[in-house]
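This report refers to the structure that appears directly beneath it.
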Amino acid sequence: MAARRGFVAGNWKMHNTLAEARELMKGLREALPKELPVDVAVCPPFTLLYPMGREIDGTAIKLGAQNTHFEAKGAFTGELSPAMLKAAGCTYVIIGHSERRQHFGERGDVLRRKVTAALAAGLGVIYCVGETLGERDARMTMGVVGGQLNEALVKEMDASRVTVAYEPVWAIGTGRNATPEQAQEVHAFIRSRLALTFGPEAAGGMRIQYGGSVKPDNAAALMGCPDVDGALVGGASLVAGDFARIIEIAGTEARRHKGTQGEGTKGQRDEEADRR
Ligand code: PEP
C-alpha cells in the first residue's frame, strides 16, 4: 500500500471574529508539538485567511479555504478565485461540503469545475461526499457517494492533490457519528471507486478523511480503521485543546494501525513545499 500521511483539517465554518480566531490559534500553537505527527490545516472564513496565515507562520499548520469559485476572474460579485485563495496563503480548499450542496445547491458540473480550477491554481482539494439519513435508511449510501465522486472527479485530475472527506450528513454537527464499521465500509468503497477513476496505485495513495462529530473521545476508533486517513473536523476544531488532541490521536493511529507515517505522495509533498 502506498504511504499515506495522515491529514486532519479543521472547518471553522462561519465562526470566529478576528480576536476569537487569534485566541484559538494561540491555544493551538501552545497545545501542538512543533513537529506535527500528521498534516494539519485550519480552514477559517474568507476574512480571516490572511491574518490566520500570519498566525501559522513558523508552524507546520497549513491554511485552507471553505469554498472557491471556478473562474479565474470576472463579474462574480461576492466570490473568490482559486488564485486569490492561493495568494492569501491557502494550501487547500474544501469543495462540495454538504452545507454548500444543501444551502447553495452546489452539485455536478459546478463542483467538477471548482475542483479542476483549484487544482490548476496549485491548491490541494478536500472534496466532500456523504449521504443523508433518508438515503442511508433507503440503502442508497454507496449509490449516492459513488455518484458524488463521479460527478466531480475525473481521471485527468492530479489525484495526489485530492483528499476525499466522507461526511455522512446525519453525523455533521449532530453529535452522532458513524460507527467505525460504517465509516470503514464507505471509505473502502470510496477507495475502490477512486481506483476505477485514477487507477489502483493512485487511489492507494489518496487520503480519505472521515468527518461528522469527530471528538477526542471517538477519534481513535474512527481513525484506527485502515482506510480512514484522518478527519475533517467542524465543532471540535473551534476548541484548541480538542483539536490538538484529535491531531495527536491521528498521529498515534497512523503509526499504530497502518504504518502510514510515510512521506506521502509527490503531490502531497508539493503541497508541503508550496507552503515554505
Ligand atoms: C464539518 O463541518 O465538516 C463537520 C464534520 O462538522 P462537525 O465535526 O461539527 O460534525
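Taking 0.36 nm per residue of sequence separation and subtracting the Cα-Cα distance, how much length would be gained by fully extending the chain between ASP158 and ALA87, in nm to one decimal?
Details: separation 71, 0.36 × 71 = 25.56 nm, distance 2.07 nm.
Value of the extension gain: 23.5 nm.
For the peptides 163-174, 63-74, what is the packing order when you average, over each peptide's residues, the other Cβ atoms within 10 Å and list the highest mean first? Working shown, then result.
On the way: 163-174: 23.0, 63-74: 18.9.
Sorting 163-174, 63-74 by mean packing, highest first, produces 163-174, 63-74.
So how do 223-234, 147-158, 124-135 stack up, highest first, on mean other-Cβ count within 10 Å?
Averaged packing, sorted descending, gives the order 223-234, 124-135, 147-158.
Per residue, how many Å² of accessible area does the chain show with a 1.4 Å probe? Let's see the in-between values first.
On the way: 11700 Å² over 276 residues.
Result: 42 Å² of accessible area for each residue.
Would you mind putting 76-85, 46-55, 99-108 in packing order, based on average other-beta-carbon counts within 10 Å, highest first?
Numbers: 76-85: 15.8, 46-55: 17.5, 99-108: 14.2.
Ranking, from highest mean packing down: 46-55, 76-85, 99-108.
Springs between alpha-carbon atoms under 10 Å, Gaussian network over the chain: tell me which of GLY175, GLY251, GLY146 tops the mean-square fluctuations.
Top of the fluctuation ranking is GLY175.
Using 0.36 nm times the number of residues separating ARG29 and ALA188, minus their current alpha carbon distance, what extension gain do you get?
Working: separation 159, 0.36 × 159 = 57.24 nm, distance 3.37 nm.
Taking 0.36 nm per residue and subtracting the Cα distance, the gain is 53.9 nm.
Express the carbon and sulfur contribution to the solvent-accessible surface of the chain as a percent, rounded to the nearest whole number, probe 1.4 angstrom.
54 percent
Please express the Cα-Cα pair-distance distribution P(r) of the range 7-275 as a list of whole percents, one per 10 Å bin, running from 0 to the bin with the greatest distance.
7, 33, 40, 18, 2, 0
Full extension from TYR50 to ARG256: what is 0.36 nm times the residue separation minus their Cα-Cα distance, to one decimal in nm?
Details: separation 206, 0.36 × 206 = 74.16 nm, distance 3.61 nm.
Taking TYR50 through ARG256 to full extension adds about 70.6 nm, to one decimal.
The values are calculated or read from the model by the stated rules, or taken from the named source; none is laboratory data. A quick note: this is a predicted structure, and the numbers were derived from the prediction, not measured. Here the Cβ is made from the backbone with ideal geometry for all residues, glycine too, and neighbour counts use every protein chain on show. When the accessible area is computed, the model is the full protein with side chains, heavy atoms only, and any ligands, DNA or RNA have been set aside. Shrake-Rupley method; radii C 1.70, N 1.55, O 1.52, S 1.80 Å.
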